[in-house]
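J.: Dropping a structure here in structure tokens format, bear with me for questions.
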Amino acid sequence: MSQPTSYDLVLSSGFLAFARHVGVLRALEQRGLAIDGITGTSSGALVGALWAAGLSSHAVEALLTAMPPWKLLRLHAQPWRGLLDTSAFAEFLRPHLPATFADLRHPLAVGVVDARGQHRLLTSGPLTEAVVASCAMPYAFRPVQVAGESFADGGAADRLALGAWRQLRPGRQAIAHQVQRSAGVDVPLDLTNVALIRTPRSGASFLTLGDFAAQVAEALDCASQVLDGITAG
């Protein structure tokens, strides 16, 4: 894989795998690699959106470790539509994200599934709602309305969304991060022009994100091995 002047970054879903993605971002920051566009799904959409908004990996870590996940959970009044409501999570994120995709520092695409179960990438419109929709695991959370349509976690159809990224950004080279599967669907990967970083599952839960710093360090090490290989070539 030849070394371009900039890469796209593709971040997979992974149950509360924020620390894994932060470790990859930190490896990119340490090497000064230029990222031109970001595609993210679920936890990858959340971390990718915050980074695209201008937060450093350290600022993302500080934000996401400010409180345990359970403090942002609310039971939904109609649990047959999804046990948990995402409104508190959206209000937590809203001050840290610009209003729309167009206001980000980098182009961003967010992986979701629509009401028919079809995978889509959202690239415009209200940002917080799109990110929260991408995190709304089916059955656990109610679907989220984004610009009049109902969406849920894109990992239910494609955890990494590499094929959708390639259709959106043809001809680009990418650095992709795939967290070991915890739920959702892994599709066969075409790794042409893609440097793939794989990291273990986070082990996080709604009660605790676990040893966030240790997870970051482990992901940083995994990412460094891959990134050192492409920058040396």
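The values are calculated or read from the model by the stated rules, or taken from the named source; none is laboratory data. Just so you know, these numbers come straight off a predicted model, no measurement behind them. Here the Cβ is made from the backbone with ideal geometry for all residues, glycine too, and neighbour counts use every protein chain on show. To get the accessible areas, we keep the full protein, side chains included, count just its heavy atoms, and leave off ligands, DNA and RNA. Shrake-Rupley method; radii C 1.70, N 1.55, O 1.52, S 1.80 Å.
J.: Within the stretch 120-129, take every residue that is in a helix (DSSP H, G or I) and not hydroxyl-bearing (Ser, Thr, Tyr) and give me the one that is surrounded by the most Cβ atoms within 10 Å (Cβ to Cβ).
T.: Among residues in the stretch 120-129 that are in a helix (DSSP H, G or I) and not hydroxyl-bearing (Ser, Thr, Tyr), the one surrounded by the most Cβ atoms within 10 Å (Cβ to Cβ) is LEU127.
J.: Report whether or not SER150 is more than 17 Å from TRP51 (Cβ to Cβ), at pLDDT 95 or above, of a type outside the set (Lys, Arg) and open to solvent by 30 Å² or more (accessible area, probe 1.4 Å).
T.: Yes: the conditions hold for SER150.
J.: Of GLY111, GLY171, GLY117, which residue is farther than 23 Å from LEU191 by Cα and either aromatic (Phe, Trp, Tyr) or outside any helix (DSSP H, G or I) (or both)?
T.: GLY117
J.: Now a separate question. Say whether the condition of being out of contact with any Asp or Glu (no Cβ under 7 Å at 6 or more places or on another chain), of a type in the set (Ser, Thr, Tyr), at pLDDT 95 or above and closer than 24 Å to TYR7 by Cβ is met by at least one residue in the stretch 118-131.
T.: Checked the stretch 118-131: at least one residue is out of contact with any Asp or Glu (no Cβ under 7 Å at 6 or more places or on another chain), of a type in the set (Ser, Thr, Tyr), at pLDDT 95 or above and closer than 24 Å to TYR7 by Cβ.
J.: Within the stretch 156-165, is even one residue modelled with pLDDT of 95 or more and surrounded by fewer than 18 Cβ atoms within 10 Å (Cβ to Cβ)?
T.: Yes, the stretch 156-165 contains a residue that is modelled with pLDDT of 95 or more and surrounded by fewer than 18 Cβ atoms within 10 Å (Cβ to Cβ).
J.: Let me ask you something else. Starting from residues that are open to solvent by 20 Å² or more (accessible area, probe 1.4 Å), small (Gly, Ala, Ser) and modelled with pLDDT of 95 or more, keep the ones in the stretch 184-223 and report whichever is farthest from VAL22 (Cα to Cα).
T.: By that ranking, first place goes to ALA214.
J.: Among the residues of the stretch 196-218, what is the count of those that are in contact with a Leu (Cβ under 9 Å, 6 or more places away or on another chain), outside any loop (DSSP other than H, G, I, E, B) and touching a residue at least 60 places away in the same chain (Cβ under 8 Å)?
T.: Here the count works out to 3.
J.: Name, by its number, the condition in (1) over 27 Å from ALA62 (Cβ atoms); (2) outside any strand (DSSP E or B); (3) touching a Ser or Thr at 6+ places or on another chain (Cβ under 9 Å); (4) small (Gly, Ala, Ser) that does not hold for ALA152.
T.: With respect to (1) over 27 Å from ALA62 (Cβ atoms); (2) outside any strand (DSSP E or B); (3) touching a Ser or Thr at 6+ places or on another chain (Cβ under 9 Å); (4) small (Gly, Ala, Ser), ALA152 is out only on (2).
J.: Looking at the stretch 28-51, I want the residues that are charged (D, E, K, R) and have a partner that is open to solvent by less than 30 Å² (accessible area, probe 1.4 Å) and in a loop (DSSP other than H, G, I, E, B) with Cβ atoms under 8 Å, at least 6 apart or on another chain. Which pairs are those?
T.: ASP36/SER6
J.: Also: Considering only the stretch 196-209, I want to know if a residue exists there that is more than 22 Å from LEU63 (Cα to Cα) and among the charged types (D, E, K, R).
T.: yes
J.: Return the residues of the stretch 21-43 that are open to solvent by less than 10 Å² (accessible area, probe 1.4 Å), within 16 Å of ALA195 (Cβ to Cβ) and either among the hydroxyl-bearing types (Ser, Thr, Tyr) or not in a strand (DSSP E or B) (or both); say none if nothing qualifies.
T.: HIS21, GLY23, VAL24, LEU25, ALA27, LEU28, THR39, listed by residue number.
J.: Tally the residues that are part of a helix (DSSP H, G or I), in contact (Cβ under 8 Å) with a residue 60 or more places away in the chain and either surrounded by fewer than 22 Cβ atoms within 10 Å (Cβ to Cβ) or in contact with a Ser or Thr (Cβ under 6 Å, 6 or more places away or on another chain) (or both), restricting the search to the stretch 130-147.
T.: So the count comes out to 2.
J.: I've got another one for you. Given the conditions (1) over 27 Å from ASP114 (Cα atoms); (2) modelled with pLDDT of 95 or more; (3) open to solvent by 40 Å² or more (accessible area, probe 1.4 Å), which single one is not true for LEU168?
T.: Only one criterion in (1) over 27 Å from ASP114 (Cα atoms); (2) modelled with pLDDT of 95 or more; (3) open to solvent by 40 Å² or more (accessible area, probe 1.4 Å) is unmet by LEU168, namely (1).
J.: Now a separate question. What is the number of the single condition among (1) open to solvent by 40 Å² or more (accessible area, probe 1.4 Å); (2) over 19 Å from GLU29 (Cα atoms) that THR231 does not meet?
T.: (2)
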